[in-house]
1. Could you tell me whether residue 95 is modelled with pLDDT of 90 or more, surrounded by 21 or more Cβ atoms within 10 Å (Cβ to Cβ), assigned to a loop (DSSP other than H, G, I, E, B) and out of contact with any strand residue (DSSP E or B) (no Cβ under 8 Å at 6 or more places or on another chain)?
2. Please specify each residue of segment 139-166 satisfying the condition of being without any contact (Cβ under 8 Å) to a residue 60 or more places away in the chain, within 30 Å of residue 218 (Cα to Cα) and outside any helix (DSSP H, G or I).
3. Does residue 114 satisfy the criteria of being under 16 Å from the mean Cα position of the chain (by Cα), more than 24 Å from residue 225 (Cα to Cα) and surrounded by 19 or more Cβ atoms within 10 Å (Cβ to Cβ)?
4. Those residues that are out of contact with any helix residue (DSSP H, G or I) (no Cβ under 7 Å at 6 or more places or on another chain) and farther than 29 Å from residue 22 by Cβ, I need them from segment 156-184; list them, please.
5. Which count do you get for residues in segment 228-281 that are in a helix (DSSP H, G or I), loosely packed, with under 13 Cβ neighbours inside 10 Å and at pLDDT 90 or above?
6. Would you mention how many residues in segment 122-138 are touching a helix residue (DSSP H, G or I) at 6+ places or on another chain (Cβ under 9 Å), in contact (Cβ under 8 Å) with a residue 40 or more places away in the chain and either surrounded by fewer than 17 Cβ atoms within 10 Å (Cβ to Cβ) or part of a helix (DSSP H, G or I) (or both)?
7. Under 6 Å between Cβ atoms, which residue pairs at least 6 apart in sequence (or on different chains) link something in segment 48-68 that is more than 19 Å from residue 254 (Cα to Cα) with a partner that is at pLDDT 90 or above and surrounded by fewer than 16 Cβ atoms within 10 Å (Cβ to Cβ)?
8. Filter segment 139-165 for residues that are farther than 22 Å from residue 79 by Cα, surrounded by fewer than 22 Cβ atoms within 10 Å (Cβ to Cβ) and either modelled with pLDDT of 95 or more or under 19 Å from the mean Cα position of the chain (by Cα) (or both) and give the result.
């Protein structure tokens, strides 16, 4: 049955893009040889009264989004399997249902997004004992301490999928410092763009339909280590290295240029324990 979900309240430029990855996941799931399986995305797309048609030709966004989903899902699955008390924090969760995709009953998920986004999410993906909703911004100061106090002995996996690149370095640096200071040990995973990639965002096949722009110009994968001393880079994955046969001819041609090939990637960092000295003890 079609649900009338009010989207007028979602007036933040970045929050408005929550429907883009949802639709990309649903389209990929419906492909015969799709690289992900997300029945929740299909269900939601079929049930909400929203015009997704302007994204029908967004082939680059579809494969890019789903490469990212697959990598984040695989890291999450491995983290849950290899840690005793895994807590997964989905920052800017939108309408993602990662807990359902990775399977099993181990691991606790906190799903965090702006209040107007979470109001929509809670109707379509209700919270439960394993999925806790937090109506908070990435930049709100209280939620890292809240999660740590509720899970003092946990290992934390922080996921920021399609989130950080919509903000400036001056916004992200202090937020990351605060979050990582509270939530260690563990890992953090996010996607990033170089300064060249940010300049290309006006040409992006779905972002161009919104008022959002890529702002975080991250030309050095090790820069976050200088922002936050207990971060250590573990892995860099380039989008254009994945599923090469799925990219269109122009994308494959442009990727021969090194600075374009490296413009968009996924970064994985270890969050090392903060020593007693670092805490001033």
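The values are calculated or read from the model by the stated rules, or taken from the named source; none is laboratory data. None of the values given here were measured: they were computed from a predicted structure. A quick note on method: Cβ atoms are made from the backbone with ideal geometry, for glycine too, and the neighbour counts reach across all protein chains shown.
1. yes
2. Residues satisfying the conditions are 139, 140, 141, 142.
3. On the way: under 16 Å from the mean Cα position of the chain (by Cα): yes; more than 24 Å from residue 225 (Cα to Cα): yes; surrounded by 19 or more Cβ atoms within 10 Å (Cβ to Cβ): yes.
Yes: the conditions hold for residue 114.
4. 170, 174, 181, 184, listed by residue number.
5. Filtering segment 228-281 down to residues in a helix (DSSP H, G or I) leaves 239-241, 244-246, 249-254, 258-261.
Filter once more, so that each one left must be loosely packed, with under 13 Cβ neighbours inside 10 Å: 241, 244-245, 249-250, 253, 258-259.
Keeping just the survivors that are at pLDDT 90 or above gives 241.
Within segment 228-281, residues that are in a helix (DSSP H, G or I), loosely packed, with under 13 Cβ neighbours inside 10 Å and at pLDDT 90 or above number 1.
6. Selection size over segment 122-138: 1.
7. Close Cβ pairs (under 6 Å, with a partner that is at pLDDT 90 or above and surrounded by fewer than 16 Cβ atoms within 10 Å (Cβ to Cβ)) amount to 66/35.
8. 139, 140, 142
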